[in-house]
Amino acid sequence: MFTDAPSPFDHPKADIILRSSDYVYFRVFRLFLSLASPFFEAMFELPQPSVHDSGDEIKDGLVVIPVTEDSRTLDHLLRFCYPSTLAEDPNLEDLTDVVQVSEAARKYSLELIEKKVGNALGNQAILEKEPFRAFAVACGSRMEDETRTAARYTLRHPLMPPKVKELELITAIDLRQLLHYHAKCADAVQTLTSLSWMEYHYRATGDRWLTDVYHYGEHCDCPRTNKYRFKDNSTPPDWWAEYMDATWIALRDRPSGTTVLNGLDEAVKKARSRCSRCGYRVLEHMTEFTRVFADAVENLTTEVGHHIRKLSHRD
């Protein structure tokens, strides 16, 4: 079924028509496309046969040029080509759109637009949902900053990436670099088991909420564990130790600050079910504690990223 594209690609004074692969007609101006793309500029400079002699499809007296992109991709691409007074840049929030528009921009030598599309790889919604796909697209396009950002988001997921089509865009060396980065981050965060970061944070306010069996005027009934022992020889309640044990294991597979935060609700639930004194302000204290813990993890993984070989480097 043949249809016409919406505004602004339905202008009656347009001088050429692009037809998408799904048969949508885009009435456009050669000037805008020529200014945006040397590919189109060169094509339009070629001697043009008359409308009657060209053998091309004609619609409303204009030559129709078929393209391989679908209407959604072509609409996004053309909006980048048009002046902002006629069409705003599209907001690319779906990674599939980013990939397809990026490929089209590369095909038609739209370098500036390719860079603009690359900026969409920094969209947090995309990074949180599909970091491995974002990494592959950015790395395959040699976008260093976007590659590093996406690599950090992959730390929220297990070491082995899912099978996604975009991995075909990168080399085995690129993938090895990502896996090496993930493993180095996992090793780095295990150094936090010394708890020196925790002692430093509580050096002024103290950690009595965790170590003192008499606090807020009430006795703590939580069983204590010797698995963790602090400098003053005090020990934490078992629910806290269980949270830490589970978190260290999870950080091996997902060395990210979000991994630390994921266990907060379960720890609070355990504390409240086992001890009324701990349950009194456990959410407040554990929220602060996990934030400090997560920051320590993020600081270490950031440092790792500064010292490894460029993630999007290709010999």
Task: From the options Arg252, Arg272, residue that is of a type outside the set (Val, Ile, Thr), touching a Cys at 6+ places or on another chain (Cβ under 8 Å) and over 16 Å from Arg291 (Cβ atoms) - done: Arg272
- [ ] Sort out which residues of the stretch 241-267 are under 13 Å from Met286 (Cα atoms) and of a type in the set (Asp, Glu), and write them in order of number.
- [x] Asp265, Glu266
Open item on the list: Cβ-Cβ distance below 7 Å, separation of 6 or more or different chains: which pairs start in the stretch 285-307 with a residue that is charged (D, E, K, R) and end on one that is at pLDDT below 95?
Closed with: none
- [ ] Go through the stretch 8-21 and give me each residue that's touching a Ser or Thr at 6+ places or on another chain (Cβ under 8 Å) and surrounded by 14 or more Cβ atoms within 10 Å (Cβ to Cβ).
- [x] Ser20
Task: Answer from Val24, Val63, Val99, Val117 - the residue that is in contact with a helix residue (DSSP H, G or I) (Cβ under 6 Å, 6 or more places away or on another chain), of a type in the set (Val, Ile, Thr) and over 23 Å from Leu169 (Cα atoms) - done: Val24
Open item on the list: Show me the helices (runs of 4 or more DSSP H) entirely contained within the stretch 122-215 in which 2 or more residues are touching a Ser or Thr at 6+ places or on another chain (Cβ under 7 Å).
Closed with: 131-140, 144-154, 172-189
Task: Verdict on Ile16 being at negative phi and touching a Leu at 6+ places or on another chain (Cβ under 7 Å) - done: yes
TODO: Go through the stretch 1-17 and give me each residue that's under 32 Å from the mean Cα position of the chain (by Cα), hydrophobic (A, V, I, L, M, F, W, C) and under 14 Å from Tyr82 (Cα atoms).
DONE: Phe9
Task: Members of the stretch 78-112 found to be touching an Asp or Glu at 6+ places or on another chain (Cβ under 9 Å) and β-branched (Val, Ile, Thr), listed by number - done: Val99, Val101
TODO: Scan the stretch 196-222 residue by residue and report those that are surrounded by 16 or more Cβ atoms within 10 Å (Cβ to Cβ), at pLDDT below 90 and among the hydrophobic types (A, V, I, L, M, F, W, C).
DONE: Trp209, Leu210, Cys220, Cys222
Task: Residue that is in contact (Cβ under 8 Å) with a residue 40 or more places away in the chain and either charged (D, E, K, R) or touching a Phe, Trp or Tyr at 6+ places or on another chain (Cβ under 6 Å) (or both), where the choices are Arg176, Arg203, Arg156 - done: Arg156
Open item on the list: If I go through the stretch 242-260 residue by residue, how many of them are hydroxyl-bearing (Ser, Thr, Tyr) and either surrounded by fewer than 20 Cβ atoms within 10 Å (Cβ to Cβ) or modelled with pLDDT under 95 (or both)?
Closed with: 1
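The values are calculated or read from the model by the stated rules, or taken from the named source; none is laboratory data. The model shown is predicted, which means the values in this text are computed figures rather than measured ones. Cβ sites come from the backbone with ideal geometry, for glycine too, and all protein chains shown count toward neighbours.
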